[in-house]
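Undergrad: Have a look at this one before I ask anything.
The values are calculated or read from the model by the stated rules, or taken from the named source; none is laboratory data. In this text the structure is predicted, and so the values were computed from the model without any measurement. For neighbour counting, all protein chains shown are included, and Cβ atoms are generated from backbone atoms with ideal geometry for every residue, glycine included. Surface accessibility is based on the protein's heavy atoms, side chains included, excluding ligands, DNA and RNA. Shrake-Rupley method; radii C 1.70, N 1.55, O 1.52, S 1.80 Å.
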Amino acid sequence: MGMASQKDVLSPDESKVFRAWFVRIIAQQFIGGPTPRWTNRDCAGLVRFAANEAFETHDSKWLKANGIEPGNLPPDVNLSKESKSIKNNWSQIRELPDSPYATAITIIQANSKYISKNINDALPGDLIFYDQRADQHLMIWMGSYIAYHTGRDSERETGLRAVKLNDLINWKDSRWRLMEENPNFIGIFRFSFLSY
C-alpha cells in the first residue's frame, strides 16, 4: 500500500467506497467483538486488518465470516489491474521490500501523508498518530468518535476502545490529548493511496 504512484491512487469514488468499508469493518469489531480473522491485535494490526479487508470482495461468505448483516452496505472497491498491488502490500522504511506487515510508524512514514494537527481537517478513516519516543500509537477518526486498540488483549479484555472527541481533548493523561500544542500528538494522516 506504500507510497502510491499516480496509477495506485484510488479515484475519488473509489476512495469514498474504501473509507466506507474501512470504518464499517472497524465498527464491526466493536459490535460483534474482534473477529478471529484479525490476528495481529494492536493499533497497527487493526489498521492493516481493516484496510486489507476493505479491498476484499464482500460477498455473502465474507459477510458471514465477519459477522456483518447484508443490506445497506457500500459497493466493493474495484481495483484496476494497475492498482491491485495496493492490497495487503505495505511500503517499508529504509528501502526494505514491501510487506503484508507494517508497524504504526511504518504506516505513517511510508504509507500515509500528513494532513494537519486539526481534527476538523480529518475525514472518516483518517489516522491519528502519537509518538511517545519509544512507542508510537495509531487511532482512527470514525467521523463522530475515535477508535483504537490498546495493544492489550485477553479473554476478558478486547483492547478495543471508542472515545468521544471531547474526551480525548480533555484526557487525564496529557500525553494523549488531541490538541495541537501536545508534542506527542503528531497529527492527522491519510493513506497515500486515497485521492481525498
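Undergrad: Whole number in Å², please: accessible area per residue of the range 85-190, 1.4 Å probe, ligands, DNA and RNA not counted. Could the numbers behind the result be given before it?
TA: Numbers: 5840 Å² over 106 residues.
For the range 85-190, the per-residue accessible area is 55 Å².
Undergrad: Considering only DSSP states other than H, G, I, E and B, which chymotrypsin sites (Phe, Trp or Tyr not before Pro) in the range 1-81 qualify as loop sites with at most 13 other Cβ atoms within 10 Å?
TA: Working: sites: Phe18, Trp21, Phe22, Phe30, Trp38, Phe49, Phe55, Trp62; in loops: Trp38, Phe55.
Here no chymotrypsin sites (Phe, Trp or Tyr not before Pro) fit, given the DSSP loop and packing criteria.
Undergrad: Further question: At 24 angstrom or more along the helix axis (alpha-carbon based) and mean Kyte-Doolittle of -1.0 or higher, what helices does the chain contain? Whole DSSP H runs only.
TA: On the way: long enough: 12-31 (28 Å, 0.18).
Those that clear 24 Å and a mean of -1.0 are 12-31.
Undergrad: Which whole-number percent of Cα pairs in the range 55-97 have a distance greater than 12 Å? Each step should come with its number before you reach the end.
TA: Numbers: 628 of 903 pairs.
Of all Cα-Cα pairs in the range 55-97, 70 percent lie more than 12 Å apart.
Undergrad: Further, regarding this structure: Taking loop as defined by DSSP and a crowding limit of 10 other beta carbons within 10 Å, which GluC sites (Glu not before Pro) in the range 32-114 fit?
TA: Qualifying residues, ordered by number: Glu95.
Undergrad: Something else now. Any chance you could check the Cα centroid distance between the range 62-110 and the range 130-145 for me, in angstrom?
TA: Using only Cα atoms to place each centre, the spacing works out to 19 Å.
Undergrad: With a 1.4 Å probe and all protein chains kept in place, how much accessible area does Asp131 have, in Å² rounded to the nearest 10?
TA: Spelled out: Asp131, probe radius 1.4 Å, area about 40 Å².
Undergrad: Normalised by the residues of the range 118-189, what does the relative contact order come to in percent, with Cα pairs under 8 Å and at least six apart?
TA: On the way: 119 pairs, mean separation 23.9, N = 72.
Computed over the range 118-189, the figure is 33 percent.
Undergrad: Still on this structure, I have one more. Using a 1.4 Å probe on the protein chains only, how many percent of the accessible area of the chain belongs to carbon and sulfur? Don't skip to the end; give the middle numbers.
TA: Details: 5000 of 10220 Å².
Looking at the chain in its full context, I get 49 percent from C and S.
Undergrad: Can I ask one more? What relative contact order, as a whole-number percentage, does the chain give when Cα pairs under 8 Å and 6 or more residues apart are counted? It would help to have the intermediate numbers written out before the result.
TA: Numbers: 344 pairs, mean separation 55.4, N = 196.
Worked out over the chain, it gives 28 percent.
Undergrad: For all pairs of alpha-carbon atoms in the range 55-196, what percent lies in each bin of width 5 Å, listed from the first bin to the last filled one?
TA: 2, 8, 14, 18, 20, 17, 12, 7, 2, 0
Undergrad: When the chain is treated as a GNM, springs tying every alpha-carbon pair under 10 Å, which of Asp42, Asp126, Asp173 comes out with the largest mean-square fluctuation?
TA: The residue with the greatest mean-square fluctuation here is Asp173.
Undergrad: If you don't mind, another one. Find, among the chymotrypsin sites (Phe, Trp or Tyr not before Pro) in the range 144-194, those assigned to loop by DSSP (not H, G, I, E, B) with at most 15 other beta-carbon atoms within 10 angstrom. Let's see the in-between values first.
TA: Working: sites: Tyr145, Tyr148, Trp171, Trp176, Phe185, Phe189, Phe191, Phe193; in loops: Tyr145, Trp171, Phe193.
Counting only loop positions with at most 15 other Cβ atoms within 10 Å, the chymotrypsin sites (Phe, Trp or Tyr not before Pro) in the range 144-194 are Trp171.
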